[in-house]
1. Have a look at the DSSP beta bridges in the protein assembly as shown and tell me what percent are antiparallel, nearest 5.
2. When the distances between all Cα atoms of segment A:222-297 are binned every 5 Å from zero, what whole-number percent does each bin get?
3. Averaged over its residues, how many other protein chain Cβ atoms are within 10 Å of peptide B:114-122's Cβ atoms?
4. In a Debye calculation with equal point scatterers on the alpha-carbon sites of chain B and no solvent, what is log10 I(q)/I(0) at q = 0.06, 0.08, 0.11 Å⁻¹?
5. Tell me, what does the Kirkwood hydrodynamic radius of segment A:61-184 come to in angstroms if you use every pair of distinct C-alpha atoms?
6. What 222 nm value per residue comes from the helices of chain A, counting each DSSP H run with n ≥ 4 as -39,500 (n - 2.57) and dividing by all residues, nearest 500 deg cm²/dmol?
7. Could you list log10 I(q)/I(0) for segment B:250-291 at q = 0.16, 0.21, 0.27, 0.28 Å⁻¹, which the Debye formula gives when each Cα is one point scatterer?
8. For each of B:53, B:29, B:198, count neighbouring Cβ atoms within 10 Å of the residue's Cβ, then give the residues from fewest to most.
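Every number here is computed from the coordinates shown, using simple stated rules; none is lab data. Since this is a predicted model, take the numbers as computed values, not measurements. Heads up, the Cβs are rebuilt from the backbone with ideal geometry, glycines too, and the neighbour counts pull from every protein chain shown.
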């Protein structure tokens, strides 16, 4: 597995020291050799960005250099010092998600927590999670309301269905990509290399869950709202013209934390965990609840289940 | 080097002509420049200047792409009678058809490039230095078949013309294998383009085995329509001989193809509407509107009316044989298929979204301008190619004997 090459968080103290050292050199050289140009970037960074290899073929050093550039770019564009990591997948872990739809009350706290956590463009109003409001007794997505705005939720006679990337085990979006800019990591998360995507949007046409979103413009994020804890394959600031999607909060979950949507849910409807761990909560749900998956007939094998009490 | 002289002479021929010819080139160039200027706007601002959205993530650009691949494939309808059935009259104009294929593929590729969010990363597709997701990704397949088709349609006419230029008959045995490959390849480009769409169970509107056959049938109607008009223009403007029998043959092919194409449309409508399920939502949106939204409705009925009227004209022999009526039918078919297989095919695939949201799309002035620029560029390419082809085919342009050659 070539994607274990990164060191990031797993690398420990030495790594952090080295990173800081490199960062010092990088800024020093940049200041000495070239004036910041190219949209706040130095010529060297622009050059290196252009010829950057795809994530899975970069060496450890090349990834390190890429992370440094991402941090410099974020500083230039958003005036924020971010920490971009490359935490590798944990061995023996494949993530799965389940939502108790009888508990979900449509508060959309998951949606808003996700926007903040993952540095989604505020002006573009991109959201990885959509909560659909439907009439009780109706489960036709075409009758669902995506933009319900009542005074208070839940509304009598309605039920709610949160939808996000299902992290399919046979993902049609990955097959669609003409440049292999999107793939499934060993821990089952379908990720995008934002620096490799050419923006053809074929994956968006291929996704049955409308989980993929495009940066039609440069995402705008207020400096004070920027989440500085970022991951190369996750919530780092994205360039314009590329596709992105839910990544199960890769920067959190790979360190054993919950995804932001689960943490934010006030009703406890969301269950996230390791599908390979027989003692995990997600495995309990799968073993003891009547679960179903959306559009299971399409054969994409979502790792995302729904159940009710 | 005679090859260099050949290229040099051909290019010189392309830019030689009467005042009207120059005005024509100038007019096309101006539209190209206008399109390029509007495209620069898209480059600076991003694709946000288009009407596309996360809901309808492909629009006018990809619609034109799908249509133009069909036009490119239709050149095969001249190639087969010319080379397989050895029809002399068709052979006279086959190079014009191949020139049209080159222009159409150029436009198709340009339409994909302007649709990209990151055209600066196009090199990511190049095998070796990039990652080319072949044979898994259908888009990789499309890039492959279109590139090869482009090269085939450059190489074969290049060889034939180069031989003529030197006053020799081209060696049939040498280029025939490539002609056979080009024939199958023509079918493949449009089939792969259809599969690009039909490969997606996420989009029920496209996910039908009939899409490939529909693409071929409609291409074999719209392609001959364009060739018939073009050949008549060439006949009118130049002294080049275009036999009426070629036009009659193309008109007959077009009639049959349009019949089959409309039959396929009918089959699709029946299957979707007899027992209307959730899969019919998109086609319902296209023909009747959905949830109060119906921006494509007028267009698709207009297209259907055009195609049906054209078919009636074509099926009545005395009408089809009258040049004026034939031309009307050709224009109707061309526009009808352009709507049906362009916006009429691409947009409903996105409406409603897989989560049932209805969000409409309309191209912005940037998209329309860029598209106009690309069309003008294609017509410009075709004009220049046809100019050189005709001069060489007529024997007006040939390699001068050794002693009369000017130094390059």
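1. Values: 22 of 30 bridges.
Of all bridge pairs located within the protein assembly as shown, approximately 75 percent are antiparallel.
2. Computed distribution, short to long bins: 3, 12, 16, 20, 20, 13, 9, 5, 2.
3. Details: counts 0, 3, 6, 13, 13, 3, 5, 11, 2.
The mean count of partner-chain Cβ atoms within 10 Å per residue comes to 6.
4. For chain B at q = 0.06, 0.08, 0.11 Å⁻¹, log10 I(q)/I(0) is -0.25, -0.45, -0.86.
5. On the way: mean 1/r = 0.0553 Å⁻¹.
Result for segment A:61-184 stands at 18.1 Å.
6. Working: 9 runs with 85 residues, N = 309.
Taken over chain A, the calculation gives -8000 deg cm²/dmol.
7. Scattering profile of segment B:250-291, log10 relative to I(0): -0.51, -0.68, -0.87, -0.90.
8. Working: B:53 18, B:29 13, B:198 21.
Result, fewest neighbours first: B:29, B:53, B:198.
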